[in-house]
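In what follows, a single structure is set out as structure tokens and then discussed.
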Amino acid sequence: MLLSVIVPCYNEEGNIDLFYDETVKALGDLMPDTELIFVNDGSKDATITKLRALCARAEYRVRVVSFSRNFGKEAALLAGLRASQGTFTSIIDADLQQNPAYILDMMEILDKHPEYDAVAAYQEERREGFLISFFKKSFYKVIDSLTDVKIMQAASDFRLLRRPVVDAILALPEKCRFSKGIFAWVGFETYYMPYEVEERASGTSKWNFWKLMMYAFDGIIAFSNKPLVMSSIAGVFLFAIAILYLIIIVIKTLLWGDPVAGFPTLACLILMLSGIQLLSVGILGQYLAKSYTESKGRPVFIIKEELDNGSQQDLP
Ligand code: UDP
Ligand code: MG
């Protein structure tokens, strides 16, 4: 098997057939040596019915991994990577926002440049609202300064990976998976290829502002311990200020016999300090929650159904 194409699908009933037809058209000669792996991430619409029908009608190899419920895109990617058998593995969205024809360009790049192990597509121009775009930029700045992994800002999950990269990713045992960080963490030489995002063929985006925020927090917690260090430093810093302030008050009282004053100051200090304490406990809690999840050792996803049309074998 030359190429595995992993397609995470969550409520994509309108896109499945379209995606297959477009991919067959785009990949052309590569198709006989390609497997399309659709991961149905617990869709609530008719995605699985469409996938079953596709498996029956498809001329080329189609495999389906269907989850027992929605486990999230990260889980779907992991399931796809585990299933993939190709020398090259591509990850692409089901909504045709990422034109499958780019996979050919990616293959060409890896063909021409043996020194590269992966190609990641990035958007030169983002077609997003101002707020989302601002927060995304800020997130990458924060994660860049907090972690040792360098995450290319605009790079998407739309990638082509050589086998060793896939094996390296699969060797990571963690349950809380943040792909963008994992891609960067495993290293290897990545070629960044610009691409243009298209409109969603059908359906709606699964991301909203809060989901993105939570995703960003997850990413920081998964790849950096610095928030913990920062809350300790804040503690030491505030303690030093408190001692200094205490000395000033004692001197003032001794020299001038200052009457007790400054209730507003006190109120502000209490608010500020308890705020910082709560924040620190919260940060600690996040790490604890993550290690709790890891230590439970639950699987990242549960497979309910697997399909494989095995067309590959019937072809001449
Ligand atoms: N997706 C998924 N599970 C989820 C959310 C999304 O498998 O819980 C898939 C979705 O079907 C699509 C891809 O991830 O193929 C990207 O999602 P979407 O298009 O909603 O994200 P956007 O392009 O808006 O960033
Ligand atoms: Mg999309």
By the Cα gyration tensor axes a ≥ b ≥ c (a/c under 1.5 gives rounded; else a/b larger than b/c gives prolate, otherwise oblate), the shape of the stretch 143-297 is prolate
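How high is the relative contact order of the chain, given as a whole-number percent (alpha carbon pairs under 8 Å, six or more residues apart)?
25
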Within straight-line cross-link reach of Lys150, lysines at Cα separation under 19 Å, skipping those fewer than 8 residues along the same chain:
Lys136, Lys137, Lys141, Lys180, Lys226
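Can you tell me the relative contact order of the stretch 135-210? Whole percent, Cα pairs under 8 Å, sequence separation 6 or more.
Details: 22 pairs, mean separation 22.5, N = 76.
Relative contact order here is 30 percent.
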Dipole of the chain [Lys/Arg +1, Asp/Glu -1 at C-beta], most positive-end residue of Leu81, Trp207, Leu30:
Trp207
Quick check for me: using +1 on Lys/Arg Cβ and -1 on Asp/Glu Cβ, what's the dipole size of the chain about its Cα centre, in debye to the nearest 20?
1440
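Show that you can apply the helix-only estimate: for the chain, add -39,500 (n - 2.57) for every DSSP H stretch of four or more residues, divide by all residues, and state [θ] at 222 nm to the nearest 500. Before the final figure, lay out the partial values.
Numbers: 11 runs with 162 residues, N = 316.
Helices in the chain give a 222 nm mean residue ellipticity of -16500 deg cm²/dmol.
Take each of the peptides 92-100, 210-218, average the number of other beta-carbon atoms within 10 Å over its residues, and list them starting from the highest.
Values: 92-100: 21.8, 210-218: 13.3.
Taking the mean over residues of other Cβ atoms within 10 Å, the ranking is 92-100, 210-218.
Relative contact order for the stretch 1-154: what percent, with Cα pairs under 8 Å and sequence separation of 6 or more? Can you show the working numbers first?
Numbers: 215 pairs, mean separation 43.6, N = 154.
Across the stretch 1-154, relative contact order equals 28 percent.
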Expressed as a whole number of Å, what is the distance separating the alpha-carbon centroids of the stretch 44-100 and the stretch 111-188?
20
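FYI, it's all coordinate maths here, none of it is from the lab. Everything numeric here is computed off the predicted structure, so don't read it as measured data. Heads up, the Cβs are rebuilt from the backbone with ideal geometry, glycines too, and the neighbour counts pull from every protein chain shown.
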